[in-house]
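A quick write-up on the structure given underneath.
Here, each number is a calculation from the coordinates, and none is a lab measurement. Quick caveat: nothing in here was measured; it's all calculated off a predicted structure. Cβ coordinates were reconstructed from backbone atoms using ideal geometry, including for glycine residues, and neighbour counts include every protein chain displayed.
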Amino acid sequence: MLLTIKSVLVVGAGTMGSGITALSALHGFKTILTARDTDKARVRLEATIAKARSRMRDPADPDGLSTPSAVVTDRIPDECVDIVIECLPEDQEIKKTYLDRLREVLSTGTVMTSNTSCLDPKKVLGGCDSHPCFGLHFFNPPTLMKLVEVAPINPTAQERLGDVMAFCEQLGRVPVIVPDSPGYVANRLIDALINRAARLIDELNVPADVVDQCMLLGANHPIGPLKLADLIGIDVLVANLEALWAAHGGDEYKPAESLLRLLDAGRLGRKSGAGYYTYEKR
């Protein structure tokens, strides 16, 4: 297969940006990561790559991964890249403003994508008729989770769909084509499930661990929905639910009271040391 995507620009050095950069670099793509704090981004990226290598190495082919090489910069690169993967905070204006700046300097052949999970990708990538535009939704952690939701947004995206699908496959992911709708498929299901689980705490007066055990042992889920809420981050989850509620309506996306209580108390999940559960600080 002739690869048309060989160089990658990842925008944003948070959990998703660092993970996607590590994934790309480990699979041999020329990768650039833009970040405001380059020193902090380099430290995080090195740790992410080291952890990913240990997870991804095939014992039968220990040399199968590339020696990762990624450039970390606080500037928009002058050189041409084949694909942009935007991973900035879930704020439509922040994302759109930066992507608009990129479009002014990058070749019209560059594929523009956003990793937004619950915002409307058409609005995030609005006005992108000059470039092929996609929602490109990886899952956390990107080096471990296999699925990528691919949402073509404009007519030129249809012309490059095969290239983007091939790129995802070269990353060792499984791409699925989904509509360009906020939340796509997976997050509309997952967030609604977590929200329903969160409501049961008040409706049935049951503790979080009981709700989670029912899904772990009764439905064979690998993680309970409320433990997953803590992993995602209560603040992130509430923001996602509010975005889905605004986009689609429906009571299933109105944030549960137990989520809002945790948010107000600053119990944001694992990252703060407490959410539905308590965690030892590292």
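With the Cα gyration tensor of the chain in hand, convert its eigenvalues to equivalent ellipsoid semi-axes via √(5λ) and list them largest first in whole Å.
Equivalent-ellipsoid dimensions as semi-axes: 32, 22, 18 Å.
Order of VAL210, VAL84 from fewest to most other C-beta atoms within 10 Å? The partial results should precede the final answer.
On the way: VAL210 13, VAL84 24.
Lowest count first: VAL210, VAL84.
Can you work out the base-10 log of I(q)/I(0) for region 186-271 at q = 0.21, 0.22, 0.25 1/Å, using the Debye formula on its C-alpha atoms alone?
One equal scatterer on each Cα of region 186-271 leads to -0.98, -1.07, -1.33.
Between 0 and 90 degrees, rounded to the nearest ten: what's the tilt of helix 155-170 against the longest Cα principal axis of the chain?
80 degrees
What does the extension gain come out to for GLU252 and GLN92, with contour length at 0.36 nm per residue minus their alpha carbon separation? Can you show the working numbers first?
Details: separation 160, 0.36 × 160 = 57.60 nm, distance 2.26 nm.
This chain segment gains 55.3 nm when fully extended.
When the Karplus curve 6.51 cos²θ - 1.76 cosθ + 1.60 is applied with θ = phi - 60°, which whole-Hz ³J(HN,Hα) does each residue of region 37-44 get, with x for Gly and Pro?
9, 5, 5, 5, 5, 5, 4, 5
Any idea how far apart ASP100 and ASP39 come out in nm if each label point goes 7 Å out from Cα toward Cβ?
3.3 nm
Report, by chain and number, residues whose modeled amide H sits under 5 Å from the one on VAL72, excluding near sequence neighbours (fewer than 5 apart, same chain).
Amide H neighbours of VAL72: LEU33.
Loop sites only, by DSSP: take the GluC sites (Glu not before Pro) in the chain that have at most 11 other C-beta atoms within 10 Å and name the longest stretch containing none of them.
Values: sites that count: GLU79, GLU280.
That gives 80-279 as the longest site-free run.
Loop only by DSSP, 16 or fewer other Cβ within 10 Å of the Cβ. Give me the trypsin sites (Lys or Arg not before Pro) in region 81-163 that pass, ordered by residue number. Don't skip to the answer; put the middle values down first.
Working: sites: LYS95, LYS96, ARG101, ARG103, LYS122, LYS123, LYS146, ARG160; in loops: LYS146.
Here the trypsin sites (Lys or Arg not before Pro) that fit, given the DSSP loop and packing criteria, are LYS146.
Would you mind checking LYS30/LYS122; LYS95/LYS254; LYS40/LYS281; LYS6/LYS96; LYS6/LYS227 for any pair whose Cα atoms are more than 29 angstrom apart?
Numbers: LYS30/LYS122 27 Å; LYS95/LYS254 24 Å; LYS40/LYS281 20 Å; LYS6/LYS96 24 Å; LYS6/LYS227 38 Å.
Table pairs above 29 Å Cα-Cα are LYS6/LYS227.
Compute the angle between helix 186-203 and the longest alpha-carbon principal axis of the chain, please, reported from 0 to 90 degrees and rounded to the nearest 10.
Once rounded, one gets 20 degrees.
Would region 137-282 count as rounded, prolate or oblate if I go by the C-alpha gyration tensor, calling it rounded below 1.5 in a/c and otherwise prolate when a/b exceeds b/c, oblate otherwise? Show your work: numbers first, answer last.
Values: a/c = 2.19, a/b = 1.75, b/c = 1.25.
Note, shape of region 137-282 comes out prolate.
Would you list ILE20, ILE190 from fewest to most Cβ contacts within 10 Å?
Details: ILE20 26, ILE190 18.
Ordered by Cβ neighbours within 10 Å, fewest first: ILE190, ILE20.
Please give the per residue volume of the convex hull enclosing the alpha carbon atoms of region 77-165, rounded to a whole number of Å³. Could you put the intermediate results ahead of the total?
Values: hull volume 8.6 nm³, N = 89.
So the per-residue Cα hull volume is 97 Å³.
Can you compute the modelled spin-label distance between LEU217 and LEU260, with each label point 7 Å from Cα toward Cβ, in nm?
Result for the modelled spin labels: 3.3 nm.
Which aspartates and glutamates, on any chain, are close to LYS123 with Cα under 16 Å apart, when same-chain ones fewer than 8 places away are left out?
Partners within reach: GLU86, GLU90, ASP91, GLU93, ASP100, ASP180.
Under a crude label model (7 Å from the Cα following the beta-carbon direction), how far is LYS271 from ASP74 in nanometres?
2.1 nm
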